[in-house]
Each structure stands twice: as C-alpha cells, then as structure tokens.
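The values are calculated or read from the model by the stated rules, or taken from the named source; none is laboratory data. Please read these numbers as outputs of a predicted model, since none were measured by experiment. Cβ placement follows ideal geometry from the backbone for every residue including glycine, while neighbour counts extend to all protein chains displayed. For accessibility, only protein heavy atoms count, side chains too; no ligands or nucleic acids. Shrake-Rupley method; radii C 1.70, N 1.55, O 1.52, S 1.80 Å.
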Amino acid sequence: MRDLRVLESRSLSIKIKTMKQQVPFIFIWNILCLPGIVIGEVTGWPESVCRQSPEENHDECRRAPEKEEENTVLVLNSSSSSSTSSSDDVTSEDSPLSTSAEHKTLIEATATAIEEELMPRQQEPYQCNIYLAPSSIPGAGFGIFTMRDIDEGEKILPYADAPSIPLCDDNANGVEETDWNHVDYLWSGQGLAEYECKSVSESVVTFGALCNFHTYLANVHPLGAIYDDTMSNRFTSPMAGSFSYHGGHAFEATQAIKAGDEIFADYGEKWLDNRHGTFADFVPREDDFRKAASLLNKIHREMFENKVHLTDAIMRTYKAIASTMDPRIGSILPDTASTFKHLTKEQYRSKNRPLKALLAENTIEKRSIEWTKENGICLDLVRPGKSTIPHAGQGAFAQGYITKGSIISPGPLLNIRDRNLMKLYNNDDEVVGEQLLLNYCFSHIKSPLLLCPQTNMILMNHCSSRKPGQGHCGENGPNAKVQWGTSWDPDTSEWLKLSLEEVVERTANQRRGLSLEVIATRDIHPGEEVLIDYGENWENAYDEHLKNWEPPVDDGTYVPVRTMINNKDYRTLEELEKNPYPDNIINVCYFYNGGNDDDEDEDEEDEIVEIEKDGSKYVAEGRIDGEDSVYKCELLEKYMVNDKTVYTVRVLYSDKEHFILTNYPSESISFRMNRYKSDTFLLNAFRHFVEIEDDIFPEQWKVYPLEEDEDGEEEDNEEEVDDEEDEEEE
C-alpha cells in the first residue's frame, strides 16, 4: 500500500478511491504543500497527479507507479518517535509545526476537508428536476412534476430526454386501433420525421407520452427534433438503421412554472374533438372556463343585489342546472358556498389571475414538493450521450451517484398485442423488415406481447458477460437490470395475474397498467453509462446479423441528409441537370398559405394552378430542421438582392396548387430525406426486441412452442401459431 507521510502531532488515515472515482489529487497536493508543512515521503502518485503537480521535477513524479491499486491510504503522520516514520523524516524538533497548535489545527482541518469534501461529495444523490407521480388531475393516472422554478421560455431539461421513434404506414398496413394502446400517445410525424414515409406517427417518450393535457393550464410546448443520420455509416456499420437518428424533442415553458407544479402539454382541442363518444366529451375546453367564470360572476352579482345568503344547497342547485344544460361547464362550478366565496375573493385580490384561471386551478389537486418526492419517482437520473459501445448510437449516463438497488428509471408501458404486426413496408407496399420501434420494446421469445417503455429507459444499451466481443462488459456483467414496476405503480401487480386474453382485451380498450423499472445492480458513479442485459436470444440474433451482414453498394446515390443540410448545397433545376442530388435527397421550402385555400373550379379539377407571390416574408422562425410548415420545392433561379442570395422557388403545395415565390430567402430552404430512402428502410437493418428474463415473465403469457431444428437448436414457431389462430377465427 502506498503512503504519504506528513510530519504532524498525531496519525490520521483517510481512505480514498483512485480507480473507482476521479478524485482531484491536485487539490490534495496543493493542500498538503502549504507553507510550513513538511512532506516526508511520497510514493506511487498516479501519473495524472504528476502531470498536474506544481512540483513537475519531483523525483517521485518521474517514477511511474508500478501498479494501480483500487484504494490508496493517505497517512498524515507525525512525531519523531513514530514507528512508521522513515529515518529521512524531519523530526518534530526540526519542524516549525511541532510547537504550533495553530498548524496542528490546520493539518486536522486538512484531513477533515479531504474526508468530508472529496468522498461524500462523490456519493451525494442527484437532485432530480422532474418526478413521475400521480397526476393532479383526478383520475388522469401519472403526471410529470417539476422540482424547480422554470421561467417562461426556459427548457424543462437542457436536452431532449430520449430519441423519438418514427412508425411508418401502420394504419395503411393493417394495424388496427384495437391492436395496441398507443393511439392516444403517438404524435403525427414532425420535422424530418414527417418525410420518413407517406404516413408517419412518432413515439415521443417522457414529456411526449406522460405529460397530461389541460386545456387551460398547458405550460410547455415541444421544440423541433434534431435529425442526424451521420451517427452511423450505412456502408461500414452493421448497426446502421437499427436505432433512431431523430434526436427527440426538448420541451420549453410557455409560461412561468413554479416548483411543485405539474407540467401540462398542449395536445390541441382537436385531439379531444376527434375522440367524440369517449371521456373527451366531458373534458372542459378553454372557452368553457370563460363561460363558467361569466356564470359565477352573474350568480355573485344576483346574490349581492338581492341580499341572498349563498348556501351549499343553493350552490348545488346552480351546479345541477348548469350540468343539465352543459355538463362540461357544470363540472367546473364549485360544489360548496365556501369554495365559491374563496374564488370570488381571490379574483379581486389577484388582479393578474382572472376568475377563469382560478376555476381552472380549482380542477386540479395541488401537491407539495415533499408529497411529490414521497409519492413519486425521479425521471432524470440519467441523460442521453454518445454510447461507449461502438455503433450503438446514444446511451444513458448517470447524472449523479446511484446506489445499488436504487430505481434508475421507471418505465410505464404501452402494449402491442402481437409483435408480428410491426412490419415495415417500402413505397411499393412490399415488406422490407420490421418497424424500428421493435428495437426499443420488450418481449419474451415465447410470447406475442410487445411492451414499450415511455421514458428514457429506452436509452439503455446492452452488455453481458456471456462471451467476449461487442457488448461484453467483463466478469461483473452490466450495472443495472430490468424488473417489473414496484410500489410506485400498483396496477402492475394486478396486470401480471391476468391471462393473455385479458391483457389483449384491456389493450384493445386503450387501457394500460403495466410498468417495468431499471434498478442498479451495483453502485454507479456520475458520468458512467448505464447498461442492461438484453438477453441471450438478442445476443444470438445480433451475432447472426454480424455474420450475415453485407454493406450496401456505395454507388454515389446516397449522401446523409445532415451532410447536405450542413453544406447548404442548394441547386437550381438547371444545375440539377448537370449535377443531380443523390436519390435520397429532396429540397423543401418554408411556406404557409394562411388557411386561404380557395375552392377549385370543377372544370379545372385536373389542372395545377400556379400562384405567384412575393416570397421575402417567408422566413422560418428558429431551426428549419424542426419546422412543420415545409413543402417539397424546386429552385428555379438564384440571384442577389441587397448583397443577399435569394431564389425564385416553386412550392409544391398540393396536387392542385403550386406557389411561385420570388425574392425567397436562402435560410428558408433546407433538405429532407426522400421517402423510404433513410437507413430505417435498409433491407438488412438489425431488429430484435429486448428480452424480459424468463423467471419473471408470466407463464400464462407464453404461448409460442419452441421446436428443435435439424441442428438440435431451438427455433421459434410463431408463424405456425399465427396460422392456427387464423384458422380458428375462420
């Protein structure tokens, strides 16, 4: 054991880790080398300290340590009679410290500083910014709460929590609403995701899936996702197309949000209107709060003018009458006279909070920060970053010290009744593979169920200790594991007792109740990547993929969209005749028509109308990457106006309307992928679900028999079971 002996009045030992944690040794060096402190012997300092040390020419620093040990003991030692002091140590008589109580105190303080400042700080738990907890909207399930004040225009988190995952043409290719309970959670494709295929849905986890909608109290909106298809090279990487290149959506506050408040997304009232005949019919719209406030003011005025004392019975009568006329408005009115009086007093007391806002706040149950922490679970213990595993895309990295056994990430699940429904089709309606979503979901080799987490749990990559190679993480294996959700989601234990048929039925009724969670199997340090075991079947499938993978031919017809966007290599139609774009690239232009679509003349049904406009006003706000109001366009002419390059463009607005825009700004031009040309549609893109351990997967959900093939290995017989089920239905 290496030691550092410093002359002082007594011995102190402090144990600090040099391998498991990055201890700032330069701090220790500077503290111990204070004027008047005599260093006796320094042996085996780590090389990094020698490079940083002010004593660059110290003999010991020129000698590299023979072997790194997990632990180093610093012995602050004194007294000439000490048995641990070497003959070369300076005696207590020689040291100015020997008679100075002040210096003795200084040494003790130094030891305490090392012990209290370095070690515990490495193990302090991360202070979470957002929590998953029961929603403040009664009966709304989970919600997301902030633990800090957020200003208007500030991001909820300074990054997109996880990648968004595109799903292509699912409805057009036979997936029914009753096949999964994703219907209320999927977004329409936005930004570059919109151009993956003809009909795009987008899975956006955490804020995009778990934030509830309040028509009046919505306080966040999404920012555009960054698409980067240079993350993987289709000509060299066997994992090209196996993970999402869509960086996910960060969320920004549309108003100030106080610590402890629930974060509400704005789905748009059309989202409710399109669900006629469901719970959505009874959800108050924003205008309902205005009408309810007007009604309460009228009641208050009549009570005052007629000198009538408002009682609970009178208030209930008003509420019953209003509910008969309009159930949504009736649901907003207070139940008691005391609540009515409180609201009217607050209206006059808070000039900046109108009565309609107070009524909206009255529809939720206020939660304290303490309550949320006690009854909720942290959602941002990990953040995305480039994985340490080659070709794996993004990974999950610890934001703070995570102790063994702690829940790293909760994972409320959405279900798909049969993973075989996740087929991926090309532009000719031919099956070319499976949906990318499959790689982010969990299942079992003997079960058709596909279970998809709705949090940053999807960031966690694979490693195991089964065999050397990619994904091998040593004898200790991964640092986390997946298990079923515990007490934070009480519905899970009930669902695990259901039969497969009952789970499918609840899924068809758009109900959810299952959750997974990731727990640490050892202590995890800040900045460390969190890794889980995807299962032996996943590993075998991946090995088979590597063995059979062949890169596509690089014939010059493909260039990453991100490369084209960064280079801004815009070409007019004339230039394209000599130097065409790669097959996967199209031009898009920012444009909005203001909702002034004129009715077409029936005689001109088959003709395309071209409308000329001044294009100088069409300037994209923010990043055009995430802009939805873009259309395929052609660049007709390029010229200079006031020392700026501008274009005349043709915007292919619809099958019947094109717009010719002059003086069009170059910053409103960009690129998108040609549909069905991204890496998602590579014929040999790897696909396989993450496997749930056999010993925790319910036996009643295992329905696929496994047969032995000619080589004596087990193979999945899913297709035969599907055929038998089809015959039974017929």
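If you go through region 359-373 one residue at a time, do you hit one that is among the hydrophobic types (A, V, I, L, M, F, W, C), assigned to a helix (DSSP H, G or I), farther than 22 Å from residue 148 by Cβ and open to solvent by less than 90 Å² (accessible area, probe 1.4 Å)?
Pass one, region 359-373, residues among the hydrophobic types (A, V, I, L, M, F, W, C): 359-360, 364, 369, 371.
Adding the requirement that they be assigned to a helix (DSSP H, G or I) leaves 359-360, 369, 371.
Keeping just the survivors that are farther than 22 Å from residue 148 by Cβ gives 359-360.
Retained after the next criterion (residues that are open to solvent by less than 90 Å² (accessible area, probe 1.4 Å)): 359-360.
For region 359-373, residues among the hydrophobic types (A, V, I, L, M, F, W, C), assigned to a helix (DSSP H, G or I), farther than 22 Å from residue 148 by Cβ and open to solvent by less than 90 Å² (accessible area, probe 1.4 Å): present.
Evaluation of residue 264 against the conditions (1) touching a helix residue (DSSP H, G or I) at 6+ places or on another chain (Cβ under 9 Å); (2) open to solvent by less than 10 Å² (accessible area, probe 1.4 Å); (3) closer than 30 Å to residue 127 by Cα shows that the sole unmet condition is (1).
Would you please name the residue that is farthest from residue 388 (Cα to Cα), looking only at residues in region 207-236 that are among the hydrophobic types (A, V, I, L, M, F, W, C) and more than 15 Å from the chain's Cα centre (by Cα)?
In the first step, residues of region 207-236 are kept if they are among the hydrophobic types (A, V, I, L, M, F, W, C); the result is 207, 209-211, 213, 217-218, 220, 223, 225-226, 231, 235.
Filter again for more than 15 Å from the chain's Cα centre (by Cα), leaving 213, 217-218, 220, 231, 235.
Working: 213: 37, 217: 41, 218: 38, 220: 32, 231: 13, 235: 21 Å.
Among them, the one singled out is 217.
Among the conditions (1) of a type in the set (Gly, Ala, Ser); (2) modelled with pLDDT of 55 or more; (3) loosely packed, with under 15 Cβ neighbours inside 10 Å, the only one that residue 160 does not satisfy is (3).
Selection within region 331-353: residues that are under 30 Å from residue 280 (Cβ atoms) and among the charged types (D, E, K, R). The member of this set that is modelled with the highest pLDDT is 335. Checked against (1) within 13 Å of residue 248 (Cα to Cα); (2) open to solvent by 10 Å² or more (accessible area, probe 1.4 Å); (3) modelled with pLDDT of 95 or more, residue 222 passes all but a single condition, namely (3).
Considering region 378-393 alone, what residues qualify as being assigned to a strand (DSSP E or B) and crowded, with 22+ Cβ neighbours inside 10 Å?
Filtering region 378-393 down to residues assigned to a strand (DSSP E or B) leaves 378, 382-386.
Answer for region 378-393, where residues must be assigned to a strand (DSSP E or B) and crowded, with 22+ Cβ neighbours inside 10 Å: 378, 382.
Here is the figure for region 291-326: residues that are in contact (Cβ under 8 Å) with a residue 24 or more places away in the chain, surrounded by 15 or more Cβ atoms within 10 Å (Cβ to Cβ) and in a helix (DSSP H, G or I) total 9. For residue 279, the conditions (1) surrounded by 17 or more Cβ atoms within 10 Å (Cβ to Cβ); (2) within 30 Å of residue 368 (Cβ to Cβ) all hold with the exception of (1). Scanning region 682-702 for residues that are open to solvent by 20 Å² or more (accessible area, probe 1.4 Å) and part of a helix (DSSP H, G or I) yields a total of 5.
Scanning region 517-566 for residues that are of a type in the set (Ser, Thr, Tyr) and open to solvent by less than 20 Å² (accessible area, probe 1.4 Å) yields a single hit, 542. Can you name the number of the only condition in (1) under 20 Å from residue 214 (Cβ atoms); (2) open to solvent by 30 Å² or more (accessible area, probe 1.4 Å) that residue 329 fails? The single condition residue 329 does not satisfy is (2).
Look at residue 448 and say whether it is touching a residue at least 12 places away in the same chain (Cβ under 8 Å), part of a loop (DSSP other than H, G, I, E, B) and closer than 21 Å to residue 239 by Cα. Working first, answer last.
Details: touching a residue at least 12 places away in the same chain (Cβ under 8 Å): yes; part of a loop (DSSP other than H, G, I, E, B): yes; closer than 21 Å to residue 239 by Cα: no.
No.
Just one of the listed residues (236, 230) is open to solvent by 10 Å² or more (accessible area, probe 1.4 Å), out of contact with any helix residue (DSSP H, G or I) (no Cβ under 9 Å at 6 or more places or on another chain) and either farther than 25 Å from residue 353 by Cβ or assigned to a loop (DSSP other than H, G, I, E, B) (or both), namely 236. Residues that are open to solvent by less than 20 Å² (accessible area, probe 1.4 Å) and either of a type in the set (A, V, I, L, M, F, W, C) or under 28 Å from the mean Cα position of the chain (by Cα) (or both) within region 662-679 comprise 669, 670, 671, 672, 673, 678, 679, listed in sequence order. Condition check for residue 273 on (1) modelled with pLDDT of 90 or more; (2) within 39 Å of the chain's Cα centre (by Cα); (3) surrounded by 14 or more Cβ atoms within 10 Å (Cβ to Cβ): one failure, at (3). Within region 244-261, the residues that satisfy the criterion of being out of contact with any Leu (no Cβ under 8 Å at 6 or more places or on another chain) and open to solvent by less than 50 Å² (accessible area, probe 1.4 Å) are 245, 247, 248, 253, 257, 259, 260, 261.
Under the condition of being under 23 Å from residue 443 (Cβ atoms) and in contact with a strand residue (DSSP E or B) (Cβ under 6 Å, 6 or more places away or on another chain), the residues counted in region 383-414 number 14.
Remark: pairs (first residue in region 351-362, under 15 Å from residue 290 (Cβ atoms); second residue of a type in the set (Val, Ile, Thr); Cβ separation under 6 Å; 6+ apart in sequence or on different chains) = 359/332.
All told, residue 667 meets the bar of being within 30 Å of residue 631 (Cβ to Cβ), in a helix (DSSP H, G or I) and modelled with pLDDT under 95. Scanning region 567-583 for residues that are assigned to a loop (DSSP other than H, G, I, E, B) and open to solvent by 60 Å² or more (accessible area, probe 1.4 Å) yields 568, 579, 580, 583. Any residue that is in contact (Cβ under 8 Å) with a residue 12 or more places away in the chain, open to solvent by 20 Å² or more (accessible area, probe 1.4 Å) and closer than 28 Å to residue 234 by Cβ - is there at least one of those in region 478-496? No: zero hits. Screening region 141-217 for strands (runs of 3 or more DSSP E) wholly inside it with 1 or more residues that are touching a His at 6+ places or on another chain (Cβ under 8 Å) returns the ranges 165-168, 200-203.
The single condition among (1) open to solvent by 20 Å² or more (accessible area, probe 1.4 Å); (2) β-branched (Val, Ile, Thr); (3) modelled with pLDDT of 95 or more that residue 183 does not meet is (3).
Quick one: is residue 191 in contact (Cβ under 8 Å) with a residue 40 or more places away in the chain, open to solvent by 10 Å² or more (accessible area, probe 1.4 Å) and not hydrophobic (A, V, I, L, M, F, W, C)? For residue 191, the condition - in contact (Cβ under 8 Å) with a residue 40 or more places away in the chain, open to solvent by 10 Å² or more (accessible area, probe 1.4 Å) and not hydrophobic (A, V, I, L, M, F, W, C) - is not met.
In region 396-427, of all residues being under 26 Å from residue 501 (Cα atoms) and in a loop (DSSP other than H, G, I, E, B), the one that is nearest to the chain's Cα centre (by Cα) corresponds to 422. Annotation note: Cβ proximity below 8 Å between a residue of region 660-675 that is within 14 Å of residue 620 (Cα to Cα) and a residue that is in a strand (DSSP E or B) and open to solvent by 40 Å² or more (accessible area, probe 1.4 Å) (sequence gap 6+ or interchain) occurs for 665/644; 666/644; 666/645. The residue that is modelled with the highest pLDDT, among those in region 431-474 that are open to solvent by 30 Å² or more (accessible area, probe 1.4 Å) and within 20 Å of residue 518 (Cα to Cα), is 465.
Determine whether region 592-614 contains at least one residue that is in a loop (DSSP other than H, G, I, E, B), modelled with pLDDT under 95, more than 30 Å from residue 234 (Cβ to Cβ) and open to solvent by less than 20 Å² (accessible area, probe 1.4 Å). Looking for residues that are in a loop (DSSP other than H, G, I, E, B), modelled with pLDDT under 95, more than 30 Å from residue 234 (Cβ to Cβ) and open to solvent by less than 20 Å² (accessible area, probe 1.4 Å), one finds at least one in region 592-614, hence yes.
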